[in-house]
C-alpha cells in the first residue's frame, strides 16, 4: 500500500503536470454560473465539468482532478462515470472530503475545518467510486491579533487526522493549509503566518505517523494581502515562498501544488513560473480552480455550441501552468495563436 501511495503522489505531478480543482461546492459553482448568466442546475454543473474533463489534450498538462461529491457520482453523456472518463485519459481522480470551515469556539474571526466524523466510511465509498486521492482545506485568517496558536494547531491536528485516515484507506491525502490573502497584510506578515502554519502542520503529521512520501501539500504562495498598498513582484513572491518552504516543508514531500487564492489566471501562472525559477527539492506545481476555469467558463457561456472554444481556453491555461511548473513560461506564450 505504501509504495502505491508513493506512486500515485508522484504520478499526479509527473512531467510538470498539475491538478484541476473542480471540487467547488454547489454554492460556489452557483456563483460561478450566475456570473455568466447560467442557471445552476445539476445538469449544467455536470455538463461544464464534463466539458473540461473531455477536453482533447488536457491530460498532457493535468495529472489529477479533484471532484465534488455530486460530480464523482455523475456520468458523461455516454453513461461512463466521470471518474472513469478521467482514468481512461490517464488522469487520476480525487475527491474533496471535508465538510467546510466553521467558527472556532472562543476564537472570534477564526475557523476550523470539520468533517472527521464518519470520514473512514466516506473514504471507503469514494475509493469504490474511483477516487485515488483526497483533499481537505483548512483556512487561516490574518487579522488583528489572529491567527491564534489555538487556530493553527486545531487545523493542523485535523489535517493530520484526515491524512492518516486517507492513507489507511489507500488514498493520497492532499494537505491544504491555506493562509488567506483577503486582508491588507504585507507579504512579510504572510511569510510569518505561513511559516508558523507549516511548522505546526508538519509537526502534527509527524506525530500522527503520516507517510510524507505518500502526501501532497497544497499551500498558499507567500503573497501580500489583496488590500495591501504594496504588492510584491513575482520574483519577490518566489524568493519569500521558497525561503519559507525550505525551512518548514520536508524534502520527503514529493510535490507542492499551489492554490491560486484569488489571483488572476495569468498572475497565478507568472508567480508559479517565478517560483520554479528559484526551485527546491520538491515538484512545484499547481492545483488551481478558478485560475484554470475562468476563461473556459466565459467562453462557454452556457451554450453547448461553444463547447470547443471553452475546451480550447481550458487546455491553453493548463498548458501555460505546465510550462510554469517547468519554469519555462513567458508572457509571449499568452498571445493568441492564429487558427
> Out of all the residues in the range 202-218, is one or more outside any strand (DSSP E or B), touching a helix residue (DSSP H, G or I) at 6+ places or on another chain (Cβ under 9 Å) and closer than 18 Å to residue 260 by Cα?
Replying inline: no
> Of the residues that make up the range 87-106, is at least one in a helix (DSSP H, G or I) and without any contact (Cβ under 8 Å) to a residue 60 or more places away in the chain?
Replying inline: yes
> Are any of the residues in the range 164-175 buried (at least 18 other Cβ atoms within 10 Å of the Cβ), farther than 30 Å from residue 93 by Cα and out of contact with any strand residue (DSSP E or B) (no Cβ under 7 Å at 6 or more places or on another chain)?
Replying inline: no
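Scan 328, 239, 265 and give me the residue that is touching a helix residue (DSSP H, G or I) at 6+ places or on another chain (Cβ under 8 Å) and over 29 Å from residue 139 (Cβ atoms).
328
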> Can we say residue 224 is closer than 22 Å to residue 274 by Cα, under 20 Å from the mean Cα position of the chain (by Cα) and either part of a loop (DSSP other than H, G, I, E, B) or free of Cβ contacts under 8 Å to residues at least 40 places away in the same chain (or both)?
Replying inline: yes
> In the range 264-312, what count of residues is obtained for those that are in a helix (DSSP H, G or I), over 19 Å from the mean Cα position of the chain (by Cα), in contact (Cβ under 8 Å) with a residue 12 or more places away in the chain and surrounded by fewer than 22 Cβ atoms within 10 Å (Cβ to Cβ)?
Replying inline: 8
> How do the pairs read when you match residues in the range 313-325 that are on the phi > 0 side of the Ramachandran plot and assigned to a helix (DSSP H, G or I) with residues anywhere that are at pLDDT below 95 and surrounded by fewer than 24 Cβ atoms within 10 Å (Cβ to Cβ), using Cβ under 8 Å and keeping only pairs 6 or more apart or on different chains?
Replying inline: none
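For the structure I just gave you, tell me whether residue 103 is touching a strand residue (DSSP E or B) at 6+ places or on another chain (Cβ under 9 Å) and surrounded by 15 or more Cβ atoms within 10 Å (Cβ to Cβ).
Against the criterion (touching a strand residue (DSSP E or B) at 6+ places or on another chain (Cβ under 9 Å) and surrounded by 15 or more Cβ atoms within 10 Å (Cβ to Cβ)), residue 103 does not qualify.
Go through the range 43-53 and count every residue that is surrounded by fewer than 17 Cβ atoms within 10 Å (Cβ to Cβ) and in contact with a helix residue (DSSP H, G or I) (Cβ under 7 Å, 6 or more places away or on another chain).
1
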>> Just to be sure I understand, how many residues within the range 182-201 are in contact with a helix residue (DSSP H, G or I) (Cβ under 7 Å, 6 or more places away or on another chain) and part of a loop (DSSP other than H, G, I, E, B)?
In response: 0
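Run down 145, 130, 94, 109 and say which single residue is surrounded by fewer than 22 Cβ atoms within 10 Å (Cβ to Cβ), modelled with pLDDT of 95 or more and within 20 Å of the chain's Cα centre (by Cα).
From the options 145, 130, 94, 109, the qualifying one is 130.
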> Within the range 125-143, can one find any residue that is free of Cβ contacts under 8 Å to residues at least 60 places away in the same chain, part of a strand (DSSP E or B), under 21 Å from residue 4 (Cβ atoms) and touching a helix residue (DSSP H, G or I) at 6+ places or on another chain (Cβ under 6 Å)?
Replying inline: yes
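The values are calculated or read from the model by the stated rules, or taken from the named source; none is laboratory data. Keep in mind that what you see is a predicted model, and the values were worked out from it rather than measured. Positions of Cβ are backbone-derived with ideal geometry, glycine not excepted, and every protein chain shown enters the neighbour counts.
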